[in-house]
Amino acid sequence: MSKRKAKESTGTNAECVSQVQKILRERFCHHHATGKLFGLEHQHRHLLELLKRTTVHGESNSALIIGPRGSGKTTLINYVLKELKVMRQVKENLLEVHLNGKNHFLSGLLQTNDKVALKEITRQLHLENVVGDKVFGSFAENLAFLLEALRKGDRTSSCPVLFILDEFDLFVHHKNQTLLYNLFDISQSAQTPVTIIGLTCRQDILELLEKRVKSRFSHRQIYLTNSFDFKQYIKIFKEQLYLRGTFPDESFAQKWNISVQCLSEDKTVQDVLQNLFDYTKDLRSLNLLLMLALSNVTVHHPLITALDLQEASKQYRTDSKANIVHGLSVLEICLIIAMKHLNDVYEGEPFNFQMVYNEFQKFVQRKAHCIHNFEKPVVMKAFEHLLQLELVKPLERPSARAQREYLLMKLLLDNNQIMDALQAYPNCPTDVKQWAASSLSWL
């Protein structure tokens, strides 16, 4: 092959690799629906029918989508909305308001004022000019005015409004649950078709609602569970990696997809996926694994291999806290081991600095030749460093009068993490390792 042709070929490969990385990273990061909803067919039909009644027939409604993190709540709602927007009458009329309990725009974790949430609703509905400098007596009046401004006529010809409340349980903690009360109340009585969809991980969410809020809620609940088996998990793996027909270079896409099929049948890859599947069915974890493997794809290494997935699995399983331990001093390591023994002896009960210091002193007295006997203020300084690194945490917020030595603490490392970290700790004294491995305290 001539140098010119080789250069052209390399250039084409570079473009293909760049395209693949862009497409797949976007898919992994934004959890875009890949064309199929695994194990959510029933929930999909239920939600689609519910939203059609609002967007097409002008019915108001409310529902909760309940499921553990990573079960597909956001994916499901996005997938259904994508289907609805294909319909012309929906695309032109549907108004969406997305509120998130964790979002700094809203009254979630950082703010507890429903007026801030109302400003966000106004912004998303593009009604800033309508509100202007008007003064309202209450939250309910303001919200009713906003929805009145959206009306085109009677209930059937008004713009349907869909409110999606992510982290729904955080809105429950607002003062008097004013936002929820007014949204549910409007969904029952207003002429504008309004549907409220709440997304939450809390199974007991209905118990947290005030009586007046609960009475206005439709009590429709859509439960999501990661019910797919390992066979389906392999299918999801392939779906996430496959290149669609829209990929510009058909030849490269074919090679890539054949490679993905081979990967799904490879025993090594299946073992990696089985380990992850047994650990968690959260598809975000699978996306993270694939993202790590994708980072190895280059012009000279254009396809993901089984080795890439193995390495990605090792990176995924790397314990961040164990990595912090690797950078500690020997004194700090000894304090962690002392806490480990206190946990073993007192069966996980909280401890204080004085107990840790006493345990450390016993070890030093028995093995005085391997570690220096530090003064108590120095040991306290090391202990405070562990607090700053969040390897230890106080059970209560310390008061000004409380003595530091007697504040109750909890260790945030388990025995396996400590032992694994010690194995990789550079130049750790043998006696310290033996002390950590011993099942009994130096009492």
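The values are calculated or read from the model by the stated rules, or taken from the named source; none is laboratory data. What you see is a predicted model; the values in this text were computed from it and never measured. Cβ placement follows ideal geometry from the backbone for every residue including glycine, while neighbour counts extend to all protein chains displayed. The accessibility values were calculated without ligands, DNA or RNA, using every heavy atom of the protein model including side chains. Shrake-Rupley method; radii C 1.70, N 1.55, O 1.52, S 1.80 Å.
Structure summary
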quantity	calculated
The range 306-397 - convex hull of the alpha-carbon atoms, volume per residue in Å³	143
Chain lengthening between Q354 and D282 when straightened (0.36 nm per residue, less Cα-Cα)	21.8 nm
Q124-S18 pseudo-label distance in nm [points 7 Å out on the Cα-to-Cβ vector]	3.6
Of every Cα-Cα pair in the range 230-317, the percent that sits beyond 16 Å	51
Fully extended contour minus Cα-Cα distance, from V345 to T318, at 0.36 nm per residue	6.9 nm
Extension gain from M419 to T268, taking 0.36 nm per residue of separation minus the Cα-Cα distance	51.6 nm
Of K281/K321; K73/K393; K91/K238; K314/K362; K362/K410; K91/K231, those spanning more than 28 Å from alpha-carbon to alpha-carbon	K73/K393; K91/K238; K314/K362; K91/K231
Rough spin-label spacing in nm, given labels placed 7 Å along Cα→Cβ, for V378 and Q203	5.2
Residue-count net charge about G348 - beta-carbon cut-off 12 Å; Lys, Arg +1, Asp, Glu -1	-2
For the range 230-317, accessible area per residue (1.4 Å probe, heavy atoms of protein chains only), Å²	52
Cut-off 15 Å (backbone N to label point 7 Å along Cα→Cβ of T225), residues of the range 37-56	39-43
In nm, spacing of pseudo-spin labels at Q434 and N176 (7 Å Cα→C-beta vector)	7.0
